[in-house]
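Colleague: Shown below is the structure under consideration.
The values are calculated or read from the model by the stated rules, or taken from the named source; none is laboratory data. Keep in mind it's a predicted model, so treat the numbers as computed, not measured. Note that we place each Cβ from the backbone using ideal geometry, even for glycine, and neighbour counts take in every protein chain shown. Surface accessibility is based on the protein's heavy atoms, side chains included, excluding ligands, DNA and RNA. Shrake-Rupley method; radii C 1.70, N 1.55, O 1.52, S 1.80 Å.
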Amino acid sequence: MAASDKNPAPGGRPRGLLSWFVRNPVAANLLMVVLLVGGALSALNLQSQVFPTISPGTVVVTVPFPGATPAEVEEGITRRVEEAVLGIDGVKRVSSTASENVGIVTIETSDFSDPELVKDDVESAVDRLSDFPPENAERPIVVAPKPTGGVVTLAVVGEVGEKTLRRAAEQLERDLLTQPGVSLVSLEGARDYEISIEVSESTLRRYGLTFAEVAAAVRESSLDLAGGSIVADSGEILLRTNQKRQTGEGFESVVVRTQPDGSEIRLSDVATVRDDFVRAKLSNSYNGRPAVFVRVSRAEAEDVLDVKAAVDGFLATYTPPPGVELVEFRDETRLLRERVNLLLRNGAFGFALVFLFLVLMLDLKLAVWVSMGIATAFMGGFMLFGALGVTITMVSLFGLIIVLGLVVDDAIVIGENIDAQRELGYSGPDAADRGAHGVLSPVVVGVLTTV
């Protein structure tokens, strides 16, 4: 039978999108170029993060209440805030924690609600509370936490004393925040500063003072308060008292009382002022040496690899203070880079195997175009990633590695079937058309099963 007899009549040809592209090679090649170029550009601009970002969907109200017991915090802070926010649209659940000196109310938002809008409503509800916050309590702080992800943790290590180590970590924190691309840096494993003033009863009696008198002197001498303004012909003068004391030495000079003879009783005469850390049992070490940890995180819109590159660039020229050593304690981007390298290695290896197998077993031209099909499929996927807002994460890379094997297998199956149709005597376009349609159903079912 002649080859021309095997070519089906026009009415017997497969029809559909595949057949249309086979009969219109210009459109097929143009689509391939668009997918390759668009996918390459999209892949270069894809945001990378270790794990997908999940919004916490919460609003947190924090009210500091210095000197209050948990019972006082519950009665004056948390219970009143709970009652105020329960009826707000978008609030799903409310929980609170009342502890010494602070009350925290956590508001869980409903599905599909905007945490920012709920935050605004919560702020308005709290502001409408009468006689709130209680006396001596600070203003409420209302925030909608943003999702963040860790990038790298640095250990500031040295046996130079807790204060020196803390100051070195704080300086490192400030220096990192000046780097372009680094916006979230925090200290971990460090006690908070505290200035404590200890007054004994015997000392108060000796000077004829009361505890309330000492407390009032401290309170009135450490102020940062606006006092209005004076408007004159020459202009406006703003009045402000900026005498907030930040060190223990500053508090020691506070005048508690002025005697009739002009002598002064200062706070250092009647009290012991300690400028140190809070009295909490906290100990951190790295390889047996005292350490403070500096954690660098990324904001929601930042690329984790770009942040890590900025940190590495800074550390290349950073010189720690004498007696202090800087160690990269935890690199959370390492797994992501390893997964990317694994995908690239598997992709190159699979591409080479497919090309070599098809060249040896079938035909060079077929091998070239099947291999190009693998690259086109992946670049088209990357272009969709950019359009749909998909990011490069451990999860998406795992999916790509699985799909890589699937695409390679399907490319070999389709290429072999097209070659079999050519051996039966069909022309190039007809062989491509029939070969692709011949395995279309099992290929589609196999892909959907893996998905």
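Colleague: For n ≥ 4 DSSP H runs only, could you compute -39500 (n - 2.57) per run for the chain, divide by its residues and tell me the 222 nm figure to the nearest 500?
Modeller: Value at 222 nm, helices only, nearest 500: -15000 deg cm²/dmol.
Colleague: Among (1) 30.9, 97; (2) 34.9, 131; (3) 21.1, 69, find the value of Rg and Dmax of the Cα atoms in Å that was calculated from the structure presented, and write down its label.
Modeller: (2)
Colleague: Cα centroid distance between region 399-423 and region 310-324, in Å?
Modeller: Here the answer is 51 Å between Cα centres.
Colleague: Work the Kirkwood hydrodynamic radius out for region 30-88: mean of 1/r over every pair of different alpha-carbon atoms, inverted, in Å.
Modeller: 16.8
Colleague: Turning to a different aspect of this structure: Could you tell me, in Å, what Rg and Dmax come out for the Cα atoms of region 1-157?
Modeller: Reported Rg and Dmax, both Å: 30.6, 103.
Colleague: Run the simple label-point estimate for S95 and L31 please: 7 Å along Cα→C-beta, distance reported in nm.
Modeller: 5.1
Colleague: If I take all pairs of Cα atoms in region 87-145, what percentage of them are more than 12 Å from each other?
Modeller: 70
Colleague: Another one. Give, in nm to one decimal, the length gained when the segment between Q246 and L187 is fully stretched (0.36 nm per residue of separation minus the Cα-Cα distance).
Modeller: Going from the current span to full extension adds 19.2 nm.
Colleague: Right, another one. Along the Cα→Cβ direction, 7 angstrom out, place labels at V327 and L364. What is the inter-label distance in nm?
Modeller: Label-label distance for V327 and L364, simple model: 5.8 nm.
Colleague: Also: Normalise the Cα radius of gyration of region 93-225 by 2.2 N^0.38 Å (N = residues in it) and let me know the number.
Modeller: 1.54
Colleague: Could you work out how much longer the chain between E236 and R219 gets when fully extended? Use 0.36 nm per residue separation minus the Cα distance between them, nm to one decimal.
Modeller: Working it through step by step, the gained length comes to 3.2 nm.
Colleague: Separate question: Could you work out the relative contact order of the chain? I mean the mean sequence separation of Cα pairs under 8 Å and 6+ apart, divided by the number of residues, in percent.
Modeller: Averaging sequence separation for qualifying contacts and normalising by length gives 23 percent for the chain.
Colleague: Accessible area per residue, 1.4 Å probe, Å², for region 319-451: what's the number?
Modeller: That works out to 56 Å² for each residue.
Colleague: Next question. Kindly flag which residue pairs out of K92/K146; K92/K308; K146/K308; K163/K244 have an alpha-carbon separation exceeding 25 Å in this structure.
Modeller: Among K92/K146; K92/K308; K146/K308; K163/K244, the Cα-Cα distance tops 25 Å for K92/K308.
Colleague: Roughly how many percent of the accessible protein surface of region 220-313 is carbon and sulfur, given a 1.4 Å probe and a whole-percent answer?
Modeller: 45
Colleague: Compute the normalised compactness of region 258-350: alpha-carbon radius of gyration over 2.2 N^0.38 Å, N being the residue count.
Modeller: After normalising by residue count via 2.2 N^0.38 Å, the value is 2.05.
Colleague: May I ask for the distance between the Cα centers of region 25-49 and region 126-144, given as a whole number of Å?
Modeller: 54
Colleague: Shape verdict for region 219-310, please, from the Cα gyration tensor: rounded (a/c under 1.5), prolate (a/b greater than b/c) or oblate.
Modeller: Cα axes put region 219-310 in the oblate bin.
Colleague: Here is a further query. For region 368-396 and region 165-234, write down the distance between their C-alpha centroids in whole Å.
Modeller: When both Cα centres are located, 55 Å separates them.
Colleague: What Kirkwood Rh does region 357-429 have if only Cα atoms enter the pairwise 1/r average? Answer in Å.
Modeller: 13.9
Colleague: Measure off, as a whole percent, the carbon and sulfur share of the 1.4 Å-probe accessible area of region 82-177, all protein chains present.
Modeller: Of the solvent-accessible surface of region 82-177, carbon and sulfur hold 44 percent.
Colleague: Share of region 348-451's accessible area from carbon and sulfur, percent, 1.4 Å?
Modeller: Result for region 348-451: 75 percent of the exposed heavy-atom area is carbon or sulfur.
Colleague: Something else about it: Give me the percent of Cα-Cα pairs in region 314-406 that sit more than 20 Å apart, rounded to a whole number.
Modeller: The calculated P(r) of region 314-406 puts 55 percent of pairs beyond 20 Å.
Colleague: Please work out the FRET efficiency for the pair K163 and A352, using the Cβ-Cβ distance as r and a Förster radius of 45 Å; give the result to the nearest 0.05.
Modeller: That gives a FRET efficiency of 0.15.
Colleague: Right, another one. Let me have the relative contact order for region 362-435, percent, based on Cα pairs under 8 Å that are six or more residues apart.
Modeller: Relative contact order comes out at 36 percent.
Colleague: With charges set only on the Cβ (+1 for Lys and Arg, -1 for Asp and Glu), what does the dipole of region 347-451 come to about its Cα centre, in debye to the nearest 20?
Modeller: That gives a dipole near 220 debye.
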